[in-house]
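First up is the structure itself, then whatever we jot down about it.
Just so you know, all these numbers are worked out from the coordinates, no wet-lab data involved. A quick note: this is a predicted structure, and the numbers were derived from the prediction, not measured. Cβ: placed from backbone, ideal geometry, glycine included. Neighbour counts: every protein chain shown.
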Amino acid sequence: MKILVKIKGLQFYLWMGAVWLLLWILSAALNNSETFVTQSLNEIWRAIFIVVVNFIFFEYSLSFITRKRSNILFNIVNGILLISLQFVLVSFGLFGWKYLGMQLHIFTSFRQVTMIPDTPFNYFMEDVFYQAQGGVTSLFFFGIAKLFNDNFKLKQAAQKLRLEKQEAELNYLKSQTNPHFLFNTLNNIYSLSRDKSDLAPESILRLSKILRFMLYETSGEFISVEQEMEIISDYIELEKMRYDDTFRINFKHEVEDLKQPLPPLLLITLVENAFKHGVSETSNKPFVDINVSINKQQLLFVIKNSTENFDGEKNVKENIGLSNLRRQLELLYKENNLTVHQNGDVFTATLKINLASHV
């Protein structure tokens, strides 16, 4: 399996080899236009060897050197040997590759001897040294390119891990919100059934509609604003059955595009909170006012509800529903603001979201 992964990594070295080759071909075109074609063929032949040698060094030799071992001295000795072997490959090996190309009539030598060799050995060493310059340069070229490539992949992996973690957390928050919403609705029906209310059958029908919505519509990432408004309306109608004529509910929405996307059940938390922690605790003239507006992807959701009387303003201790909603907003949108406060017997929650800032 590891070998297959390494082979897949060869693609990077082929791309870098192509860049390396292009640079040398451009140099040949600028300096020796008359022999451009022949020199280009030479560089293609050399590039094949350079790609293979660098692939072996960075993917196998270097990983072997940096492998963790209990014996540090063993690592040092191996490192020296393998690096030395690499320098041999990019010098003597490249010379041999050039010679093989000449024998196969693929490579044409244009190099002039810069010194008068006393012996064939001197000429051989001069040519090896000449080839080594290009080989060592390729080590630095491929090494720097691999360093940037590995750093880029590391950042990508970290970003992917962060998104996966956020998605898992978001799913967990949703899994908490849905049962919470469902249990509160069941409690409403239980209250009606206990009082033997004639509204109990209708409440069950409305609950079945809400359940159908939760099962089939909320599994995706988005629903339409229109669907969110409908589920809020159904929930309000279900809640209204618990109260007498003194209860006042006002639900208004001004939305420029009812088909635009919105995360499912995002707003229902505030509606549910208004009934459970506000209206249900109010003994005198309970009310809920809901105003929703969406203009140029700027959502404004303001909900006011009656609550127990308190002189002046009160610091609100948020319940799990509001805390979960805040965290969901952090994960979903870069630009959002949720404020809640109580003034006397009125509790107000204001939510602002730039829907275009979805993460």
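List ARG194, ARG326 from most exposed to least, where exposure is judged by having the fewest other Cβ atoms within 10 Å.
Values: ARG194 9, ARG326 16.
Ascending Cβ contact count within 10 Å gives the list ARG194, ARG326.
Is the shape of the stretch 197-357 best called rounded, prolate or oblate, per the rule: a/c under 1.5 gives rounded, else a/b larger than b/c gives prolate, else oblate, with a ≥ b ≥ c the square roots of the Cα gyration tensor eigenvalues? Verdict is oblate for the stretch 197-357.
Taking a Cβ cut-off of under 9 Å around PHE107, the surrounding Lys, Arg, Asp and Glu residues balance to a net charge of +2, with basic ones at +1 and acidic ones at -1.
Once you list every other residue whose beta carbon is under 15 Å from the beta carbon of GLU335, what net charge do they have if Lys and Arg are +1 and Asp and Glu are -1? Before the final figure, lay out each step's value.
Values: positive: LYS296, ARG326, LYS334, LYS352; negative: GLU330.
Combined, the nearby Lys, Arg, Asp and Glu give +3.
Among 336-349, 85-98, sorting by the average number of other beta carbon atoms lying within 10 angstrom of each residue, highest first, gives 85-98, 336-349. Among TYR235, TYR243, TYR190, a tally of other beta-carbon atoms within 10 Å of each Cβ gives an order, fewest to most, of TYR190, TYR243, TYR235.
The residues SER233, SER138, SER109, when put in order of fewest to most other Cβ atoms within 10 Å, stand as SER109, SER233, SER138.
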